[in-house]
Every structure is written in C-alpha cells, then in structure tokens.
Amino acid sequence: MVFASTFDVPGESAPRHSDSTLRFLRADGLGVFLAEAGPAVDERYGDWAGGPPGEGSPEIITVARRTPA
C-alpha cells in the first residue's frame, strides 16, 4: 500500500510531505517473523469481532506477549 501525507510541523513555515509504503505480511510470514523476534503468540483472530483466522479473513490480528530474555 502506497500513500502520501502532508502535515504541519509547529515552528516551520511550510507543510511537510511524506510518501510512504506499507508492507503487509501474510499470516505464515508474520508467524516466522514473531518466532525469530521472540514474542510468544497467545491468540490470533481473523477480524475485529474476534472471528477465527483463515484464508478468507479480512485481517490478521495477533495478540503476543514478550517472553523473558
């Protein structure tokens, strides 16, 4: 996803412009990333109503916790 933002910064006379790109991981890629980074996944949902994750889910909502170092 690519988007542009324009915003004012206090103390500056002209607005700033920012072009950004978001990269979304698939559920399996997110699982690998989290396993390598250390957090433990407690729960995973497929939508904001708490529905199950799956191929047709509109979201990947992951509840993770920090594991002891």
Two pseudo-spin positions, 7 Å from Cα along C-beta at residue 9 and at residue 66, lie apart in nanometres by 3.0 nm
With all protein chains present, the chain has a carbon and sulfur share of its accessible area (1.4 Å probe) in percent of 56 percent
Over its alpha-carbon atoms, the chain yields an Rg and a Dmax in Å of 17.5, 49
Heavy-atom accessible area per residue of the chain, all protein chains kept, 1.4 Å probe, expressed in Å², is 83 Å²
With residue 4 itself left out, Lys, Arg at +1 and Asp, Glu at -1 over residues whose Cβ is under 12 Å from its Cβ give 0
Once normalised by the length of the chain, the mean sequence separation of its alpha carbon contacts under 8 Å that are 6 or more apart gives a contact order in percent of 23 percent
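The values are calculated or read from the model by the stated rules, or taken from the named source; none is laboratory data. These figures come from a predicted structure and were not determined experimentally. Methodologically, a virtual Cβ is constructed for each residue, glycine included, from the backbone with ideal geometry; neighbour enumeration extends over all protein chains shown. What goes into the accessible areas is simple: the full protein's heavy atoms, side chains included, and nothing from ligands, DNA or RNA. Shrake-Rupley method; radii C 1.70, N 1.55, O 1.52, S 1.80 Å.
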